[in-house]
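Participant: What follows is a single structure, and I will ask about it in a moment.
The values are calculated or read from the model by the stated rules, or taken from the named source; none is laboratory data. Model, not experiment: these values are computed from the prediction. Every residue, glycine among them, receives a Cβ derived from its backbone with ideal geometry; neighbour counts consider all protein chains shown. The accessibility values were calculated without ligands, DNA or RNA, using every heavy atom of the protein model including side chains. Shrake-Rupley method; radii C 1.70, N 1.55, O 1.52, S 1.80 Å.
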Amino acid sequence: MASVLLCTDEPILAEGLKRILAGSEGLNLVSWCPRLDDLAAEVETHQPELLLIDLTSHVNFNVLSGLHQIAKQAKIVLWVHAISTELALQAMSLGIRGILRKTLPIDTLMRCLSRVNEGELWFEKALTDSIMTARRYSLTRREGQLVALLSQGMKNKEIATALNISEGTVKVYLSRLFQKLGVKDRFELALYGLKNLAPAASSPDGASDDAARGQVAPPWQTPRSFFVERLPVRGQSDERRPNVPMKF
């Protein structure tokens, strides 16, 4: 029997899943964790085979990145009301094994968990289609650094100092980024950065010189490509999985 650990801040949701799985022959809810901060301890105690994560506003790229560090042996499924294309893509790239909408029937939930436990991936066709058709934006190393710093609340002068460029150059970069990403202002660009960039250990050009002067450079993400969704994924009445099961 596959052990399931649920992470959600909704007690009613946890109780409902407990009763559903109680009637299952192959799945068992061993525990539920109401706080993300306590998830590592719960995983260590119960060693679940399946980790079901309720996608709340607190679950972002950084959280997803850390899941495999605390649950290396577990297969992870996101349980969502809705999910953006960019976060879904990031989740897939991080090894999330399934994304399941809460509005789907109980038997679909059971089937998803069982199939994922058997080694398959579970992603609805509407979601994978959205990913395939989403626009891709590629940020340069410098653009990624600038967006990361902006997302930390830095002003133009502070960004210029951190990157060792002029304040005018920062403004030029910002103008280009507004056009490239289709955002209207600094606030929207900062939100984009919070959703798509994770802190990393890389340093900007000239970081070694800064270190010699006693300055500590802030963390940012190395350059990569991003998918940006303009319209939410529309739900469909029937669940879909990839035509060909994928096992790993």
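Participant: Residue check: is GLU118 at pLDDT 90 or above, open to solvent by 20 Å² or more (accessible area, probe 1.4 Å) and farther than 26 Å from GLY23 by Cα?
Facilitator: Criteria not met by GLU118.
Participant: Would you check which residues across the range 98-121 are part of a helix (DSSP H, G or I), more than 16 Å from MET1 (Cβ to Cβ) and touching a strand residue (DSSP E or B) at 6+ places or on another chain (Cβ under 6 Å) and list them?
Facilitator: Matches in the range 98-121: CYS112 only.
Participant: When only residues in the range 41-57 that are of a type in the set (S, T, N, Q) and assigned to a loop (DSSP other than H, G, I, E, B) count, which is nearest to GLU118 (Cα to Cα)?
Facilitator: Only one residue tops the list, namely GLN47.
Participant: Since ARG230 meets every condition but one in (1) loosely packed, with under 15 Cβ neighbours inside 10 Å; (2) at pLDDT below 50; (3) part of a loop (DSSP other than H, G, I, E, B); (4) out of contact with any strand residue (DSSP E or B) (no Cβ under 9 Å at 6 or more places or on another chain), which condition does it not meet?
Facilitator: Result: ARG230 fails condition (4) only.
Participant: Among (1) loosely packed, with under 12 Cβ neighbours inside 10 Å; (2) in contact with a Leu (Cβ under 8 Å, 6 or more places away or on another chain), where does ARG19 come up short?
Facilitator: Single failed check for ARG19: (2).
Participant: Right, something else. So which residues in the range 105-115 are open to solvent by less than 20 Å² (accessible area, probe 1.4 Å) and either farther than 15 Å from LEU78 by Cβ or not hydroxyl-bearing (Ser, Thr, Tyr) (or both)?
Facilitator: Within the range 105-115, LEU109, CYS112, LEU113 meet the criteria.
Participant: So which residues in the range 64-95 are open to solvent by less than 50 Å² (accessible area, probe 1.4 Å) and part of a loop (DSSP other than H, G, I, E, B), if there are any at all?
Facilitator: Hits for the range 64-95 are ALA71, ALA74, ILE83, SER84, LEU94, GLY95.
Participant: Starting from residues that are among the polar types (S, T, N, Q) and outside any helix (DSSP H, G or I), keep the ones in the range 126-140 and report whichever is modelled with the highest pLDDT.
Facilitator: The extreme case among them is THR140.
Participant: Here is a further query. Assess whether SER93 counts as being without any contact (Cβ under 8 Å) to a residue 24 or more places away in the chain and under 17 Å from LYS75 (Cβ atoms).
Facilitator: Against the criterion (without any contact (Cβ under 8 Å) to a residue 24 or more places away in the chain and under 17 Å from LYS75 (Cβ atoms)), SER93 qualifies.
Participant: So, in the range 163-195, of the ones that are basic (Lys, Arg), assigned to a helix (DSSP H, G or I) and touching a Phe, Trp or Tyr at 6+ places or on another chain (Cβ under 8 Å), which residue ends up most open to solvent (accessible area, probe 1.4 Å)?
Facilitator: LYS195
Participant: Could you pull out the residue among LEU150, LEU139 that is more than 16 Å from ILE96 (Cβ to Cβ), surrounded by 16 or more Cβ atoms within 10 Å (Cβ to Cβ), touching a Lys or Arg at 6+ places or on another chain (Cβ under 7 Å) and in contact (Cβ under 8 Å) with a residue 12 or more places away in the chain?
Facilitator: Selected residue: LEU150, the only one of LEU150, LEU139 that is more than 16 Å from ILE96 (Cβ to Cβ), surrounded by 16 or more Cβ atoms within 10 Å (Cβ to Cβ), touching a Lys or Arg at 6+ places or on another chain (Cβ under 7 Å) and in contact (Cβ under 8 Å) with a residue 12 or more places away in the chain.
Participant: Separate question: Which of the residues belonging to the range 1-40 are part of a loop (DSSP other than H, G, I, E, B) and of a type in the set (Lys, Arg)?
Facilitator: Within the range 1-40, ARG35 is the sole residue that qualifies.
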